[in-house]
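To start, the structure under review is shown below, and the notes come after it.
The values are calculated or read from the model by the stated rules, or taken from the named source; none is laboratory data. The structure presented is a predicted model; accordingly, all values stated were derived computationally and were not measured. In this analysis, Cβ positions are derived from the backbone assuming ideal geometry, glycine residues included, and neighbour counts consider all displayed protein chains. Only protein heavy atoms, including side chains, enter the accessible area calculation; ligands, DNA and RNA are left aside. Shrake-Rupley method; radii C 1.70, N 1.55, O 1.52, S 1.80 Å.
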There are 2 protein chains.
Amino acid sequence: MDGTIRCGANYVPLSPISFLERSAVVYRDRLSVVYGDHVRFTWQQTHDRCVKLASSLATRFRISRGDVVAVLAPNIPEMYELHFAVPMAGAILCTLNIRHDSTMVSTLLKHSNSKLIFVDYQFLQIAIGAIKIMSKSTSKVPQLILIPDSGELSGQPMPEIIHYNNLLEMGSLDFEIKRPIDECDPIALNYTSGTTSSPKGVVYSHRGAYLNALSAVLLNEMPSMCVYLWTVPMFHCNGWCLTWSMAAQGGTNVCLRAVTAKAIFESISKHKVTHMAGAPTVLNMIINAPAAEQLPLPGKVAVMTGGAPPPSQVLFSMEKLGFDVFHSYGLTETYGPATVCTWKPEWDNLPLETRAKIKSRQGVNHLGLEEVDVKDPVTMKSVEWDGKMIGEVMFRGNTVMNGYFKDIKATQESFKDGWFRSGDLGVRHSDGYIELKDRSKDIIISGGENISTIEVESVLFRHPAVLEAAVVGRPDDHWGETPCAFVKVKEGCELSGDDLIAYCRENLPRYMAPRTVVFEELPKTSTGKVQKFVLRQKAKEMGSLTAKGKSKL
Amino acid sequence: MDGTIRCGANYVPLSPISFLERSAVVYRDRLSVVYGDHVRFTWQQTHDRCVKLASSLATRFRISRGDVVAVLAPNIPEMYELHFAVPMAGAILCTLNIRHDSTMVSTLLKHSNSKLIFVDYQFLQIAIGAIKIMSKSTSKVPQLILIPDSGELSGQPMPEIIHYNNLLEMGSLDFEIKRPIDECDPIALNYTSGTTSSPKGVVYSHRGAYLNALSAVLLNEMPSMCVYLWTVPMFHCNGWCLTWSMAAQGGTNVCLRAVTAKAIFESISKHKVTHMAGAPTVLNMIINAPAAEQLPLPGKVAVMTGGAPPPSQVLFSMEKLGFDVFHSYGLTETYGPATVCTWKPEWDNLPLETRAKIKSRQGVNHLGLEEVDVKDPVTMKSVEWDGKMIGEVMFRGNTVMNGYFKDIKATQESFKDGWFRSGDLGVRHSDGYIELKDRSKDIIISGGENISTIEVESVLFRHPAVLEAAVVGRPDDHWGETPCAFVKVKEGCELSGDDLIAYCRENLPRYMAPRTVVFEELPKTSTGKVQKFVLRQKAKEMGSLTAKGKSKL
């Protein structure tokens, strides 16, 4: 438009780095990070520490634009700082899952071309093992930097290893931060946990991280100076991007090395936590904690949950304790939560069962994600908003990944027709809210009927003696597949397979009720998701329940 | 980065249009706009009306990308709708000040190349007059569309004029919204009110509007589904961008044709308003309302004020009524508020006078604005954070305008050295908070000393009999200039010039106290700002107070 120009005065590439730079002024004396009894930083201190770290990375370790820096650590202050320090050096942060073994860590270090790896002392042996594996086939192994956690080191000191604090000491506050040149430049590389296949490297951009962090603030209704308890691993989608959100709002990060019910209640009470998040396992941990550990809450605590819909019993028990549970849904590819079951005030007075049913929906897209839809993956036509017609859940918007690192084919497939295909199957209700039915890979086809394993599982969860349950298809010569339930019973409860099948038949169409029940511990990924592919293998090994051409149903 | 791509699945140009499209689903049955006793729209209705309007603009009036559509209307629902409908047609919204006369309107219609003008029935004669003036020199006059306000028309019907509702009726819901191709494409053209010079056309972009709207949500601490009372004109910086913010949060817009204390209190009570904003004149209106009109508030009401710092008496009275006043500062060029005096909880218990003093600061930049600084305009060096060293307030970030329409020279001057120069003088306190001292043009130089007129005015405001005050320099043969105060006294109060001068000398260094006091009504711009250039002219006409070479001080 005539008279206008684009210049440094009116255009700055979006980056979460800006959040920290602003908080260092606006919230300079407010607590940024607290940890244990001794670590308490202000936003100015956190800012200064990050600048110094970035300076050391750039000048001492020659980290420059586009380099990858890995980290293997739990939710400790250093892990938080690296979320800013690494991007400030122009580099890309690759947070590794702390449940990985040396082999997997070596695979990911190699795939990511990591130049450095920061390692928490607890995981030092894993990292050393990984580097040993790498050094067999290449001389290019990443430099290891130890995070000793408050100066303590288990075992003997290892002077040959550089410590995190050395970087701080070497760093300079005069360092000129390397902001992204293009706001779509990468900021993070997150390997998927691999419920179905080998890990893929999901690339996040500065723009996506900025917009998702603000969206997370809004969807969590986080006011400025809120207090966030870190129960979701920061290595998982950068803590659903809340690492950056907290800098935007000048809140306080309460760090926890290990998540236990005791630590959760004590932290809430001590630091007046206002927000937290957690997979259903964390909610279970809270409600099943011994009464003595269940300290009264100082105020309402909002809890964002994801992964699986919270069963009504869990919801009810959480509410009784003073927690407000919100259900969200997303994937690593969408920077964590992409939809949330936005609560309508008029639902407040519905009976618990109805509320739980509504809360179990995945809901609607957050502000940063342009659009979510349920579509026929072939014709790309949207399903009817009838709560019945099943389609694939798809996303579109600025908070969808840049792609899979070094795998352009997988990137192109997942973005076919201009939408990111989640691989999840769902329906759309008349109010526009999405409800998941299954993973495309998980759905059972029995006698030509589609069976949503999520629906069967939700009935199993309602049984008072069931703690955990997962349903997969068992191959069948007659039916094609039949539902097979893997169940973990609550401590002190007894339950027979026949009783559970009878219960399911009372609450489900007959063809949907499991025909097989196996009681055992469920195999899980490091982020707490059930590994259905393991169960499917087990069910396969059981063989067919009915002989060919014969129906026992 | 290897394996990544940019496509429709992961990149969408930022635009406030997205807010409305999302709210049409997420908040579909919630109230979007209420007005008077009869108008109540939901977000789905607002969305559908805007799509239909956009469709009519595009198909019936051939409005296309880059065209300008003007509007002359108060805060009515149609004014709100045009903030989305016009951009949805790919066009640029130009909101005109309703206090302008036909001559000024004709100048702006011509300068902006407006193709259409929407006119509220109250301002029809102004618009018709403007078009008459234009048609004397050109055949290209904008098409006029009348907004009759609920079907009512004062005077006789005018069948030759197209009505707003005709566009709705002609419109189609199938219209494909014209989103910006580049997110920096213009969305609005806002003419400055011209306190000092002729109006300039400030260009806003989709990107800037999107980011500023989200920043406004955060700086106002607006939760989803909040209720906003429209006391700030939407024609002023698009209502400080809150027109778009409200769509982002699915809130309710309470529209008001005319701002009176009665209407404010009634609206708050009826609609449970949570947020509003207003120039100091609006605050004065509230606290000086008759007791019978001051209905009790249903809850805390947050009020963002701007323009001038609220005097402690005003603050105190507002707080007693249940309002929470925040002070912000910005310019048309920064999309409205750019800084806000972010409140620290530890200030809650300070004495009122101290709190008022802190609240009068302009504070710190909001989240969308990258940086604010106080700099020497020549060397570009930042001032010390000592609360004393005066410099020019400068801004940098994505919520700074694209430039001045058709005035590249003014654009380049204002962006010199990569910062937007506000023309305001200020200091920076040790906590990083900014405090304005004066407009560069307003500062008085007396006997070689700089006198901040804002400081003199704040002392005048503290006098219990003073309602309004403005200080300018009166030319002086000996001193160069001396301070001259124009004062409006509160109803029922008496005050002499000598008493007021004596009062100032008790509270200010002698050289800063006014030497002349004039009691009269203050001339103001349409947005309520005092027109100091008019007062300066008056002071000039008074002539020198002291003869050359003689000092009477």
Segment A:36-179 shape via C-alpha gyration tensor axes, a/c threshold 1.5: oblate
Average beta-carbon neighbours from other chains, 10 Å sphere, peptide A:10-18: 6
Simple label model, 7 Å out from Cα along Cβ direction - B:ASN166 to B:GLU221, nm: 4.9
Cβ-Cβ FRET estimate between B:ASN450 and B:GLU491, R0 fixed at 41 Å, reported to 0.05: 0.75
Highest average packing first - A:410-417, A:233-240, Cβ atoms within 10 Å: A:233-240, A:410-417
Label point 7 Å beyond Cα along the C-beta direction, distances from B:PRO377 to other copies (nm, shortest first): 6.3
Under 11 Å from the B:THR546 label point (7 Å along Cα→beta-carbon), backbone N, segment B:445-475: B:446-448
Chain pair B, A: total accessible area buried, heavy atoms, 1.4 Å probe, Å²: 5700
DSSP-defined beta bridges in the protein assembly as shown - what % are antiparallel, rounded to 5: 55
Shielding by partners, peptide A:430-437 (average Cβ within 10 angstrom, other chains): 1
Antiparallel DSSP beta bridges within chain B, as percent of all bridges there, nearest 5: 55
Positive-end extreme of charge dipole, segment B:442-542 - chosen from B:SER446, B:ALA539, B:THR525 (charges on Cβ): B:THR525
Gain upon complete extension [B:LYS300, B:GLN143; 0.36 nm per residue less C-alpha separation]: 52.1 nm
Packing-based ranking, highest mean first, of B:212-220, A:360-368, B:510-518 given that Cβ atoms within 10 Å are counted: B:212-220, A:360-368, B:510-518
Percentage relative contact order, chain B, counting C-alpha pairs under 8 Å, at least six apart: 11
Solvent-accessible area per residue, Å², over the protein assembly as shown with all protein chains present [probe radius 1.4 Å]: 39
Net charge of neighbours whose Cβ lies under 10 Å from the Cβ of A:GLU371, counting Lys and Arg as +1 and Asp and Glu as -1: -1
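What's the FRET efficiency of A:LYS357 with B:ALA263 using the Cβ-Cβ distance as r and R₀ = 45 Å, to the nearest 0.05?
So, using R0 = 45 Å, E works out to roughly 0.55.
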Cα shape, segment B:442-542, gyration tensor, a/c 1.5 rule: oblate
Distance (nanometres) between label positions extended 7 Å along Cα→Cβ at A:PHE533 and B:ASP182: 4.5
Dipole of chain A, positive end: most advanced residue of A:LEU500, A:CYS226, A:ILE161 [Cβ charges, Cα centre]: A:ILE161
Separation in nanometres of the label points that stand 7 Å from Cα toward Cβ, at B:LYS441 and B:ASP477: 2.9
Cα gyration tensor, segment B:163-277 - rounded (a/c under 1.5), prolate or oblate: rounded
Lys, Arg +1 and Asp, Glu -1 on Cβ, resulting dipole of segment A:66-131 about Cα centre, debye, nearest 20: 180
Hits among lysines - C-alpha to C-alpha of B:LYS300 under 21 Å, sequence gap 8 or more where chains match: A:LYS300, B:LYS262, B:LYS270, B:LYS272, B:LYS320, B:LYS344, B:LYS359
Cut-off under 5 Å, modelled amide H: who pairs with B:VAL518 long-range: B:ALA485, B:PHE486, B:VAL487
Contour excess over end-to-end distance, with Cα ends at A:ILE501 and A:THR59 and 0.36 nm allotted per residue: 152.6 nm
Shielding by other protein chains, A:395-402, mean Cβ within 10 Å: 5
Axis proximity, chain A to B: residue whose C-beta lies nearest, plus whole-Å distance: A:LEU214, 3
Value of [θ]222 nm, deg cm²/dmol, for chain B, DSSP H segments ≥ 4, -39500 (n - 2.57) each, nearest 500: -9000 deg cm²/dmol
Computed FRET value (nearest 0.05) for B:ALA291 with B:GLU346, which takes r as the C-beta separation and R₀ as 41 Å: 0.75
Electrostatic dipole magnitude of chain A [Cβ: Lys, Arg +1; Asp, Glu -1; Cα centre; debye, to 20]: 840
Accessible area of segment A:72-124 belonging to carbon and sulfur atoms, whole % at 1.4 Å probe: 47
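Where the accessible area of segment B:442-542 is counted over protein heavy atoms with a 1.4 Å probe, how much of it, in %, is carbon and sulfur?
Details: 2180 of 4650 Å².
The value for segment B:442-542 is 47 percent carbon and sulfur by accessible area.
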Positive-pole candidate from A:ALA213, A:GLY90, A:ILE76, dipole of chain A, charges at beta carbon: A:GLY90
